[in-house]
Each structure stands twice: as C-alpha cells, then as structure tokens.
Amino acid sequence: MFELTDDQKKAKDRILVWLKARDKPALTLGGYAGTGKTTVIARTLKTFARDKFRTAFCCFTGKASEVLGRKLAEEEALFPQDYCGTIHGLIYSPVTEPGDDGHEALRWERKPRLEHDLIVVDEASMVSEDLWADLRSYGVPILAVGDHGQLPPIHGRESVMTAPDVVLEGIHRQAANNPIIKLSVLARETGRIPSGRYGDGVLKTDDPESVWMFSSPGKVMYLCGYNNTRTALNRAVREKLGEHAKTPRPGERVICLRNAREKKIHNGGLGTLSSIAERGDHLFDADIQMDSQARFKGAISRAQFGARYPLDRDSPAYRAQKDGYLFDWGYALTVHKAQGSEAERVVLIEERLPNMSDEDWRRWLYTGVTRAASELVIIGAEA
C-alpha cells in the first residue's frame, strides 16, 4: 500500500477536521484525473471512528458505483453498515400508478429519511441542482468528490464542483505513466494533443476512418462536438450493428434529451431500452433501464430519434413534446452530454464550436479524454 502524497495528506486532514467539527453542511473535494481522490476518501474514513458510523457512498451511475465499491473494498474502507450504490437507489422509491390514458405510469418519490451519518457523493461534477437539493434535504453531512476540471453540467447553471473547498492537483506516481492521464494533462494545460501513439489502444490520428478502429461498435462511446455529427454517427453505428430500421429496438442504447424531475431522469442520462411499442402516430410506449438505476416507463417522442436538436418548432417531434418525453439513440454523444459517463473504449472527434474560448476548449478536450477508462482514439488535425 503506497504512502499518501503531501497534498493528499493535507486533504485527508482537512476532511477529518470537518468530520469532527461539522461546521458546514457539505464539504467539496476536487481533483483532476489521476490525483487519487478515491484513495484519499478511503484512507480518511478508515481513520475516522467507524464502529457504528454509517456512510452512504453513492454515484450517479451504477457502473461508477461498482468501480467505487471495488476501490473502497481494496482499501478495506467499506463496512457492513455502509451503503454503496447509486444516488437514485439511495434517496428515491418507485411508485406505480395508472395514467390518465390507461397506461401504467412510474414515478419516483424521495424517501422520507436516511439512516446514515454521512453521505459521500463521488463524480459530483455531474450532479444537477435538483438532485443536490434533494440530497441536502436530509440534513446529513455531505462530502462531495469530483473533477473540477470538467465542463459545467448541462442540466444546471453551476456545478457542485465549481469552487471546491479542498483541491488535489498533483498526479500521483501510480497514475503518472497511464497514457490517458498523460493526454488529460496535455488537454487541460495546453488544449493541444499531437498526433501519435501513446500506448496500447491510445492514439491521436487525422484519419477519419479510424472512427472504426475498435471492433464491437455497440460497446464504444463515440464523442463529438456538433449535434449533426452525433446524429450521423448514431446512424452509422446502427448500420454497423445491422440495425437499418428507423425505429429503435429493445436492447438499444438511448439518451435522455430533457430533464423530467417527476421521472427522475436528466438531460444526458443514458439507458437501455427494455421494451418499446407504438402508441398512436407520434409516440412510443417505452420501458427504459437508465444507467442511474432509475427505470423509466412512459410515452416518448417517435420523431425525436435521429432528428436534429434543438427541435424545429414545425417538426412532429416538437409538437409531440407535450405528450411524450425526449430520447434519442445513445451510441454517439456530444462531449457536453457525456459528462459523468465513462466507457472502456472511447472514440473522440475533435470539434471546436465557434464560440468556444481557449479555456472552454481545454475543458471540452479534457472532459472528452477522461471519459475513456482503457482505450482512446482521438481523431483531429495535427496539433
């Protein structure tokens, strides 16, 4: 087990002081990719008195909570009385009721209380204002942990991690040789990634055909800047998968395009279709298992799939909004909508929007690079 660095030790001490004093309802810990945020949290809570202390460790997505749970277990920092799962599973309960149209409707209610002494929110940079308010409502101290180098969330004016109380900046030596971490530093500090191979499955190229570098395109996250590119990529990926129908099918990946508080789904939330059926001329009746572990059941717009976004006010999709929720295929995403998501394999197409400042571009590129867990192909002009 490696020793904590100086800035990690300082962060640990600051968190311990807060845990004992409880002088503010929430403390935020920010750190770039590779700075060891989870390690600091695990070592800190092992130090704190834990005989009856109940901690709820939570993340926005199920996959992220599984990764967090594994890291905590490796550090022997997860105790039988603790919770480790999604934010959704921690604070909401499902309620099924008949809808006005006779179809079954599913909504989510906030649980009346939590039996925990501390909430630790990992990947907090993607937590929306509404979700943060629901977490705060229990009066339980919250330690929010996230990457303050990412773009601000698409579903709120300001990120929980905009100005963290405690900051980790040094890349620890265990991560320093990781090629994706190296590229994330280049992106964050310079906004320029030269063409070349940086490691097994990690490269930058100007060859557009490299978009198909990886086999099994259905298991790759494709990222870009423009919605037109996203729409074209979704179409191309579906064709590669042998899906030529214009309508979505069970098992396909989808993305939510608009917040729906009553359904506990958020703009940018990813999920998988469990079932889908036509409902009239403009709607589908869908059952979607979201990555956040929320389950969506209800009407969604048919015309939105493959349509441009924002919607044309004269389009059927726009007119159907009042009756159905907005989803689209979720194989390809804009970097803005990919915040908080992660995939083993990522293809990132560099597309700088016209109104981007240099700082915005660095954050965009950094956010895109750090969506990759193992393999990354960046497609763009020579830096």
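Residues in region 227-265 that are in a loop (DSSP other than H, G, I, E, B), under 18 Å from Leu333 (Cα atoms) and open to solvent by 60 Å² or more (accessible area, probe 1.4 Å): 3 in all. Within region 197-219, the set of residues being of a type in the set (A, V, I, L, M, F, W, C) and modelled with pLDDT of 95 or more comprises Val202, Leu203, Val211, Trp212.
If you go through region 2-35 one residue at a time, how many are under 13 Å from His172 (Cα atoms) and either open to solvent by 10 Å² or more (accessible area, probe 1.4 Å) or at pLDDT below 90 (or both)? Total meeting the criteria: 10. Scan region 69-86 for residues that are in a helix (DSSP H, G or I), open to solvent by 10 Å² or more (accessible area, probe 1.4 Å) and closer than 16 Å to Leu143 by Cβ and the total you get is 1. Of the candidates Ala332, Ala277, the single residue that is modelled with pLDDT of 90 or more and either polar (S, T, N, Q) or closer than 28 Å to Glu375 by Cα (or both) is Ala332.
Name the residue, out of Gln293, Gln289, that is open to solvent by 10 Å² or more (accessible area, probe 1.4 Å) and assigned to a strand (DSSP E or B). Walk me through how you get there before you give the answer.
Numbers: Gln293 fails: assigned to a strand (DSSP E or B).
Answer to the selection: Gln289.
Within region 114-141, residues that are of a type in the set (S, T, N, Q) sit with their Cβ atoms under 9 Å from residues that are in a helix (DSSP H, G or I) and buried (at least 20 other Cβ atoms within 10 Å of the Cβ), at 6+ positions apart or across chains, in these pairs: Ser137/Ile91. Scoring Asp13 on the criteria (1) assigned to a helix (DSSP H, G or I); (2) of a type outside the set (A, V, I, L, M); (3) over 17 Å from Ile119 (Cβ atoms); (4) in contact (Cβ under 8 Å) with a residue 60 or more places away in the chain leaves a single failure, condition (4). Return a yes/no flag: does region 49-57 have any residue that is closer than 30 Å to Gly268 by Cβ, modelled with pLDDT of 90 or more and either open to solvent by 20 Å² or more (accessible area, probe 1.4 Å) or among the polar types (S, T, N, Q) (or both). Yes; the residues of region 49-57 include at least one that is closer than 30 Å to Gly268 by Cβ, modelled with pLDDT of 90 or more and either open to solvent by 20 Å² or more (accessible area, probe 1.4 Å) or among the polar types (S, T, N, Q) (or both). Residue pairs whose Cβ atoms lie under 6 Å apart, separated by 6 or more positions or on different chains, with the first residue in region 266-283 and touching a residue at least 60 places away in the same chain (Cβ under 8 Å) and assigned to a loop (DSSP other than H, G, I, E, B) and the second open to solvent by 50 Å² or more (accessible area, probe 1.4 Å) and charged (D, E, K, R), are Asn267/Arg258.
Residue count for region 103-138, restricted to those that are touching a helix residue (DSSP H, G or I) at 6+ places or on another chain (Cβ under 8 Å) and either modelled with pLDDT of 90 or more or not in a strand (DSSP E or B) (or both): 15.
The values are calculated or read from the model by the stated rules, or taken from the named source; none is laboratory data. Worth saying up front: this structure is predicted, and the values here are computed from it rather than measured. Reconstructed Cβ throughout: ideal geometry from the backbone, glycine too, with neighbour counts over all protein chains shown. Accessible surface areas use protein heavy atoms only, side chains included; no ligands, DNA or RNA. Shrake-Rupley method; radii C 1.70, N 1.55, O 1.52, S 1.80 Å.
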